[in-house]
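Bear in mind these aren't lab numbers, they're just calculated from the coordinates by the rules spelled out. None of these values were measured; they are calculated from a predicted model. Neighbour counts are summed over all protein chains in view; Cβ atoms, including those assigned to glycine, are modelled from backbone coordinates with ideal geometry.
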Amino acid sequence: MPVTTRQLIEWKQQGRAIVALTAWDYAIAGLLDDAGIDIILVGDSLAMVALGYENTLPVTLEEMLHHTAAVCRGTKRALVVCDLPFLSYQESIEVAIRSAGRALKEAGAQAVKVEGASPDILATIRKLTAIGIPVMGHVGLTPQSVYQLGYKQQGTTEEQGQQILRDAIAVAEVGAFSLILEHIPSELAAQITAQLPIPTIGIGAGVQCDGQVLVTADLLGLSKKQPPFAKTYLNLRQMATQAVGEFINEVREQKFPR
Ligand code: KIV
């Protein structure tokens, strides 16, 4: 059965952990889906892991739609969420509706993700939700604000922590179906998780979130740089380099094809 946004909220109520990973193409999506992942996020981190940019800012809506469509073709069960890239939703509610609408209509995503909790973003989440577009929120470290926040942990003072808690509550109140908590202290994430009716999905936010997400390139050991909270389960870069090296040698020594 395909995963729905309603199902995610039920899993929070049942205490069943939600598992999410990012994907950027058909092959990775199929692999994650076959393994039983609940949510596939076509994160704008694909700007770095698939397109070679320094940060998430340069990736365009067209590029996100292209990759999201490929991910959707490779996914049967997981809920596919398309991350709306920088400046594809901040300008106005009308622009956000067009971008989010394209993610669903053209690319086939079932939901979109937006960063932040400013009054404008809250109004956008409320409107998108009202017209039937499910929205995942994202607070704490928000990489689209890298030039203001850097990549450092957020919510480390009492005042900042209280602000993130208020932001999280506001995002849930305007209708988001789930919320990414990125790089905040685990006690703060636990407090937010306990107060919210919607599932929190943590990345660098401790074990007490309702679910966890990682960038798949970090998990597989494909990333050149990765955040301190990522865990590498496999060194695929090293294994693949070795396999390619063997192929090069076999061709040069005329052992392939044989
Ligand atoms: O773009 C991304 O990969 C994200 C993370 C929270 C997983 O937004």
Name the lysines eligible as straight-distance cross-link partners of K12: C-alpha to C-alpha under 23 Å, and not fewer than 8 places from it in the same chain. K76, K113
Debye sum, Cα scatterers, the chain, no solvent: what log₁₀ I/I(0) at q = 0.12 1/Å? -0.67
Excluding residues fewer than 8 places away in the same chain, name every one of the aspartates and glutamates whose C-alpha is closer than 12 Å to that of K105. none
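Treating only the Cβ atoms of Lys and Arg (+1) and Asp and Glu (-1) as charged, compute the dipole magnitude of segment 128-195 about its Cα centre; round to the nearest 20 debye.
Values: 2 positive and 6 negative charges, 32 e Å.
For this selection, approximately 160 debye.
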Order of C72, C209 - criterion: other Cβ atoms within 10 Å of each residue's Cβ, fewest first: C72, C209
Say the dipole of segment 5-252 comes from +1 at the beta carbon of Lys and Arg and -1 at that of Asp and Glu; which of C72, G155, V139 then lies farthest toward its positive end? C72
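With charges only on Cβ, +1 for K and R and -1 for D and E, what is the dipole size of segment 5-252 about its Cα centre, in debye, rounded to 20?
Details: 19 positive and 25 negative charges, 80 e Å.
The dipole of segment 5-252 has a size of about 380 debye.
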How would you rank S88, S118, S178, S186, going from fewest to most other Cβ atoms within 10 Å of each one's own Cβ? S118, S186, S88, S178
Return the long-range amide H neighbours of W24 (sequence gap of 5 or more, or a different chain), with a cut-off of under 5 Å between placed amide H atoms. A29
Could you state the angle between the C-alpha long axis of helix 93-105 and the longest principal axis of the C-alpha atoms of the chain, as a value from 0 to 90 degrees rounded to the nearest 10? 40 degrees
Cα-based radius of gyration of segment 177-244 once divided by 2.2 N^0.38 Å, which approximates compact folds: 1.35
Using alpha carbon centers only, segment 60-84 is separated from segment 1-17 by a whole-angstrom value of 21 Å
Tell me, what HN-Hα J-couplings in whole Hz come from the Karplus equation 6.51 cos²θ - 1.76 cosθ + 1.60 at θ = phi - 60° for each residue of segment 146-159, using x for Gly and Pro? 4, 6, 9, 9, x, 10, 7, 4, 9, x, 8, 9, 4, 5
Mind checking the dipole of segment 1-118: about its Cα centre, +1 per Lys or Arg Cβ, -1 per Asp or Glu Cβ, Debye to the nearest 20? 520 debye
Residue among M48, M64, M239 with the largest mean-square fluctuation in a Gaussian network model of the chain, springs linking Cα atoms under 10 Å: M239
Explain nothing, just compute: Karplus ³J(HN,Hα) = 6.51 cos²θ - 1.76 cosθ + 1.60, θ = phi - 60°, for every residue of segment 175-182 in order, whole Hz, x for Gly and Pro. x, 4, 8, 6, 9, 7, 10, 10
Formal net charge of residues neighbouring A194 (Cβ-Cβ distance under 14 Å; K, R +1; D, E -1): -1
Among F229, F177, F86, whose mean-square fluctuation peaks in a Gaussian network model of the chain (Cα, cutoff 10 Å)? F229
Rank A47, L8, I201 by how far each Cα sits towards the positive end of the charge dipole of the chain (+1 on Lys, Arg Cβ; -1 on Asp, Glu Cβ) and give me just the farthest. L8
Along the Cα→Cβ direction, 7 angstrom out, place labels at I131 and A17. What is the inter-label distance in nm? 3.8 nm
Output ³J(HN,Hα) for segment 58-68: one whole-Hz value per residue in order, computed from phi by the Karplus curve 6.51 cos²θ - 1.76 cosθ + 1.60 with θ = phi - 60°, and x for Gly and Pro. x, 5, 9, 4, 4, 5, 4, 5, 4, 6, 5
As an exercise, use a Förster radius of 30 Å and the Cβ-Cβ distance of R6 and Q242 to find the FRET efficiency, rounded to the nearest 0.05. 0.10
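Can you compute the helix-only [θ] at 222 nm over the chain? Use -39500 (n - 2.57) per DSSP H run of at least 4 residues, normalise by all residues, nearest 500 deg cm²/dmol.
Details: 11 runs with 113 residues, N = 258.
One gets -13000 deg cm²/dmol as the mean residue ellipticity at 222 nm.
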Taking Rh as the Kirkwood radius computed over C-alpha pairs, what is the Stokes-Einstein D of segment 1-88 at 4 °C in a medium of viscosity 1.567 mPa s, expressed in µm² per second? 97 µm²/s
Taking a cut-off of 15 Å between Cα atoms, list the aspartates and glutamates near K152, but don't count ones fewer than 8 places away on the same chain. E182
Using alpha-carbon positions, what is the distance between the centroids of segment 178-232 and segment 91-124, in Å? 22 Å
